[in-house]
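Visitor: Let me give you the structure first, and then I'll get to my questions.
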Amino acid sequence: MNYEEMNYKEYAKYLKENPPFNDNKWDKEILYEYLIYSLCIDTSEYIDEYFSKYTNDENLLKLLFDFLLDDDYDGSDSQISSAYYISRMDKKLLEKYSDLLSEAGKNPVAARNPLKYME
């Protein structure tokens, strides 16, 4: 499948057919795509709803912090989405990762700072 030839509506359909959580594990590559496309109008509502089902998932939280804090993703839309979805995670779960949340909260770029979404 050539993703570059797909329009957003076709890609939205593709994402729905290929969720990032299968067989009790997260696929990091597909999760990355979900994070990128969570910022697109044709896919944002579906992806928001999808992630709302996993607000207590510790493995998802760890992956979101990986995307957010890894310099390899610097400048990627995945960091903006990671910050947003981290802010939507269960508060008790976030308490376990207060050190990472504090580190992420030092980001001067508001869109990549999960604490800014919590205000």
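Visitor: 222 nm [θ] for the chain, helices only, -39500 (n - 2.57) per DSSP H run of 4+, per residue, to 500?
Guide: That calculation yields -16500 deg cm²/dmol at 222 nm.
Visitor: Summarise the accessible area of the chain (1.4 Å probe, protein heavy atoms) by the percent that is carbon and sulfur.
Guide: Taking all protein chains in place, the chain shows 45 percent carbon and sulfur surface.
Visitor: Between THR55 and ALA111, what is the label-to-label distance in nm when each label sits 7 Å out along the Cα-to-Cβ direction?
Guide: Spacing of the two 7 Å Cα→Cβ label points: 2.5 nm.
Visitor: Rolling a 1.4 Å sphere over the protein heavy atoms, what is the accessible area per residue of the chain, to the nearest Å²?
Guide: On a per-residue basis, the chain sits at 61 Å².
Visitor: Further question on the same structure: Shape verdict for the chain, please, from the Cα gyration tensor: rounded (a/c under 1.5), prolate (a/b greater than b/c) or oblate.
Guide: prolate
Visitor: Calculate one ³J(HN,Hα) per residue across the stretch 112-119 by plugging θ = phi - 60° into the Karplus curve 6.51 cos²θ - 1.76 cosθ + 1.60, and present them in order as whole Hz with x for glycine and proline.
Guide: Rounded to whole hertz, the list is 10, 10, x, 5, 5, 6, 8, 5.
Visitor: May I pose another question? Sort the stretch 31-78 into rounded, prolate or oblate with this rule: let a ≥ b ≥ c be the square roots of the eigenvalues of the Cα gyration tensor; rounded if a/c is under 1.5, and if a/c is not under 1.5, prolate when a/b is larger than b/c, oblate otherwise.
Guide: oblate
Visitor: Then there is this: Please list, or write none, the aspartates and glutamates whose alpha carbon is within less than 12 Å of the alpha carbon of LYS96, excluding same-chain residues fewer than 8 places away.
Guide: GLU58
Visitor: Further question on the same structure: For each pair in LYS62/LYS116; LYS53/LYS106; LYS28/LYS62; LYS13/LYS53; LYS62/LYS106; LYS28/LYS53, compute the distance between the two Cα atoms and list the pairs where it is over 22 Å.
Guide: LYS53/LYS106
The values are calculated or read from the model by the stated rules, or taken from the named source; none is laboratory data. Every value quoted in this text rests on a predicted model; they were computed, and no experiment measured them. All Cβ positions, glycine included, derive from the backbone under ideal geometry; neighbour counts span all protein chains shown. The accessibility values were calculated without ligands, DNA or RNA, using every heavy atom of the protein model including side chains. Shrake-Rupley method; radii C 1.70, N 1.55, O 1.52, S 1.80 Å.
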